[in-house]
Amino acid sequence: MTNVLRRDFCKQAGLLTGSLLLHHQLAEAFAPRHLTGKIRIGIIGCGDRGTGLLKILQELPSLFEVTALCDELPFRLHDAQKIGTASKAKTYADYHALLDSRAVEAVIISVPLDRHFQIAKDALLAGKQVYLEKTMTYDIAQALELVRLSQQRPNQTLQIGHQYRSSPLYYRVKEMIKQGYLGKVTQIDCRWDRNGSWRRPVPEPGLERKINWRMYREYSGGLAAELLSHQLDFINWAFDTHADEVFGTGGIDYYKDGRETYDNVQVMVRYTQAGMVGNFGATCGNARDGYLFKLKGTKGTISLLIDQGIYYPEQETLKQYGTVDGVTGATKITWDKNGGIPIVTGKEPLKDGSWYALSDFYRAISEKQLPDSNVVTGARAACTVHLANRAIYNHTVEKWQPAYDLS
């Protein structure tokens, strides 16, 4: 291989490896700012996700002050108060009382899916800034109404908890797609598997549906809403597209324990406008693959985990540049054992995706800017999830409708 070609490939591959520095705009995007001082924030829903976000807030003490906690279950409030500075927060059993408090400027809503819409609506009407966990709403009608309400209140932020939109890794992958590293992408393969019942311990039988709400269709969108929604949302974002046709199947194939949501699902999505097929699956009966996300194009493949990514050039792509050994070039290329190039976004280890998302929430409020994960993108994902569940449970082919095209 000539020195010219070697330098050319090193220059391009350096964008994927440890030499990568995020460009100026990206670097700014992930640098917390201090324009308005601390934002006083309350958490509505102190279960696993709510307390997880509470822990992240402890890592952002210059941005947020936790002033309120709300949950219907007293033991959850008690446990949440043990986390960092949350011991000083006022506690509430009724979220309406929290929304009435002038000591709360913003709220995180991390409650069962069926309650997302009403609490988010009430929070907006109360004048609060809102971080609403994914999936945005339980159904399509709620998603469309929440978009209308939010757009009537432009001075309030409504950010949706698809936190991978804020991750430097996923941001970089989106950029690589735009720059043509993958060529024409036609296939997407995604899984999010586990080997466990997905149940939480219940201190008394009367609390079963409150604690294990994910198991019951009255409250939950099941695996599609809780897990696959992240990957469905990323495809919408990375390719600026949406599902056109959705096929699905599933069943309660292992845990015969009274649950109503399926423990094993598979969804296939046709993205007609983008010329792609997406396969999205989740099971509670095998953990071997865990989180798996592959984007397959004519020039290469990107294989993603939650916090790692590898680019695999196709053979024709390699022929164009030859195989770089990293010895004679000024930029060292580190190939993995399967011939892939790790995607590295800087010298520092990646933080939890929610750290970037909450930093983005602060910035969106401070600068009155739309966050990457906003009410319109959240509605697009929520519509896709609802179509997926209709296809799974009704054995139908669901199609995107013009009414879902929001801007």
| field | Enumeration of residues in the range 306-330 that are at pLDDT 85 or above, part of a loop (DSSP other than H, G, I, E, B) and out of contact with any helix residue (DSSP H, G or I) (no Cβ under 9 Å at 6 or more places or on another chain) | value | Glu314
| remark: Exception for Val202 within (1) β-branched (Val, Ile, Thr); (2) surrounded by 15 or more Cβ atoms within 10 Å (Cβ to Cβ); (3) outside any helix (DSSP H, G or I) falls at (2)
| said: Being under 28 Å from Ile392 (Cβ atoms) and either of a type in the set (Gly, Ala, Ser) or in a helix (DSSP H, G or I) (or both): is that true of Tyr164 here? | reply: yes
| request: Report yes if Phe30 is open to solvent by 30 Å² or more (accessible area, probe 1.4 Å), at pLDDT below 95 and within 30 Å of Lys174 (Cα to Cα), otherwise no. | output: yes
| query | open to solvent by 10 Å² or more (accessible area, probe 1.4 Å) and outside any helix (DSSP H, G or I): does that describe Gln118? | reply | no
| query | Only one of (1) more than 30 Å from Thr301 (Cα to Cα); (2) assigned to a helix (DSSP H, G or I); (3) open to solvent by less than 20 Å² (accessible area, probe 1.4 Å) is not met by Leu144, so which one is it? | reply | (3)
| note | Considering residues that are open to solvent by 60 Å² or more (accessible area, probe 1.4 Å) and touching a Gly at 6+ places or on another chain (Cβ under 9 Å), the number found within the range 335-350 is 2
| field | Selection from the range 57-72 of residues that are surrounded by fewer than 20 Cβ atoms within 10 Å (Cβ to Cβ) and not acidic (Asp, Glu) | value | Gln58, Leu60, Pro61, Ser62
| request: Kindly indicate whether Val185 is open to solvent by less than 10 Å² (accessible area, probe 1.4 Å) and either among the aliphatic types (A, V, I, L, M) or more than 17 Å from Asp307 (Cα to Cα) (or both). | output: yes
| In the range 215-243, what residues are among the hydrophobic types (A, V, I, L, M, F, W, C) and closer than 19 Å to Leu132 by Cα? | Leu223, Ala224, Ala225, Leu227, Leu228, Leu232, Phe234, Trp237
| task | Looking only at the range 309-320, decide whether some residue is open to solvent by less than 70 Å² (accessible area, probe 1.4 Å), within 23 Å of Gln163 (Cα to Cα) and of a type in the set (Gly, Ala, Ser). | result | yes
| said: Name the residue that is surrounded by the most Cβ atoms within 10 Å (Cβ to Cβ), counting only residues in the range 277-291 that are within 21 Å of the chain's Cα centre (by Cα) and part of a strand (DSSP E or B). | reply: Phe280
| field | strands (runs of 3 or more DSSP E) contained entirely in the range 57-109, each with at least 2 residues that are of a type outside the set (Ser, Thr, Tyr) and in contact with a strand residue (DSSP E or B) (Cβ under 7 Å, 6 or more places away or on another chain) | value | 64-70, 106-109
| Within the range 181-189, can one find any residue that is at pLDDT 95 or above, in a helix (DSSP H, G or I) and touching a strand residue (DSSP E or B) at 6+ places or on another chain (Cβ under 8 Å)? | no
| said: So for the range 231-241 (the condition being open to solvent by 30 Å² or more (accessible area, probe 1.4 Å) and not in a helix (DSSP H, G or I)), does at least one residue qualify? | reply: yes
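The values are calculated or read from the model by the stated rules, or taken from the named source; none is laboratory data. This structure is a prediction, so every number in the text was calculated from the model and none was measured. Counting neighbours? That spans all protein chains shown, and the Cβs are built from the backbone with ideal geometry, glycine included. All accessible areas refer to the heavy atoms of the entire protein, side chains included, with ligands and DNA or RNA removed. Shrake-Rupley method; radii C 1.70, N 1.55, O 1.52, S 1.80 Å.
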